[in-house]
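Remarks on the structure that follows.
A short reminder: the numbers here are calculations on the coordinates, not readings from a lab. Please read all numbers here as calculations on a predicted model, not as lab measurements. Don't worry about glycine lacking a Cβ; one is built from the backbone with ideal geometry, like all the others, and counts go over all protein chains shown.
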Amino acid sequence: MSLHRRAAMAILVADRGDDLLVVPGLGSTTYDLAAAGDDDRNFYLWGAMGGAAMIGLGLALAQPERPVAVITGDGEMLMGMGALATIGIQRPGNLAIVVFDNGVYGETGMQPSHTQSGVDLVTVAGGCGIGRCLDVRDAAGLADLAGRLKTFTETLFARVLIEASEPPRVLPERDGVVLKDRFRASIGVKA
């Protein structure tokens with residue numbers, strides 16, 4: 001059984017507190033995060049396929065006192081897999097990488113992704129040196145992950161098995177300058 005992605009996102013960001021910065025990946029996770037409630041501390045990426053994990057790493061290193069959660073899809077993580085090696089070397093204690101794995105490339109027509117053919121992102125993350133790796137497959141595991149996102153102190157990787165679905169898109173702001181300026185203001189960085 002897989003989790004519903006929109007509900008999973010809502011659970012992960014519910015009661016996120018004042019500090020958690022969230023970087024969704026391109027496409028579905030962006031729509032799901034916007035549907036869960038737009039927030040100035042969400043840094044939406046438009047047209048940056050494969051870059052969410054590295055942007056999250058940069059934020060975690062630049063803002064070491066703030067927790068950063070990258071929530072992306074299996075397609076983007078497969079495209080930016082080298083990011084896991086760099087994250088595994090840097091190991092910032094305030095960075096969590098959460099991958100919604102539905103086994104398809106949803107943005108380009110639901111073609112099977114490599115995770116359907118045996119690529120195990122949890123094993124890859126562990127092999128890259130990320131010490132805390134979770135494989136979330138049910139509501140209990142999701143609740144555990146949501147709790148960890150409020151208290152983690154070491155680099156965290158979690159694969160969340162979700163159903164392949166296409167709920168209606170909820171589009172957040174698309175203007176990159178507006179997104180950058182509101183995000184910077186939310187973390188106290190002057191423009």
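Hey, in the GNM for the chain with a 10 angstrom Cα cutoff, which one of D40, D138, D175 fluctuates hardest? Its mean-square fluctuation being the largest, the pick is D175. Rounded to the nearest Hz, the phi-derived 3J(HN,Hα) couplings of the stretch 154-166 under the Karplus curve 6.51 cos²θ - 1.76 cosθ + 1.60 (θ = phi - 60°) are 9, 3, 10, 10, 9, 9, 10, 6, 10, 6, 7, 9, 10, where x marks glycine and proline. For the stretch 1-71, a simple Cβ point-charge model (Lys and Arg +1, Asp and Glu -1, everything else neutral) yields a dipole of about 280 debye relative to the Cα centre. Available extension along the chain between A62 and R132 is 23.0 nm, counting 0.36 nm per residue and deducting the alpha carbon span.
Applied to the stretch 140-146, the Karplus parametrisation 6.51 cos²θ - 1.76 cosθ + 1.60 on θ = phi - 60° returns per-residue 3J(HN,Hα) values of 5, x, 5, 4, 4, 4, 4 Hz, with x for Gly and Pro. Positive contributions from Lys and Arg (+1) and negative ones from Asp and Glu (-1), summed over other residues with Cβ under 11 Å from the Cβ of R66, come out at -2. Within the chain, antiparallel bridges make up roughly 10 percent of the DSSP beta bridges whose residues both belong there.
FRET efficiency for the pair D175 and Q90, taken as 1/(1 + (r/R0)^6) with r the Cβ-Cβ distance and R0 = 30 Å, rounds to 0.45.
The stretch 1-15 and the stretch 111-188 have Cα centres lying 11 Å from one another. Go through (i) 17.6, 60; (ii) 18.4, 66; (iii) 15.1, 46 and flag the label whose value is the computed Rg and Dmax of the Cα atoms in Å for this structure. Given (i) 17.6, 60; (ii) 18.4, 66; (iii) 15.1, 46, the structure-derived one carries the label (iii).
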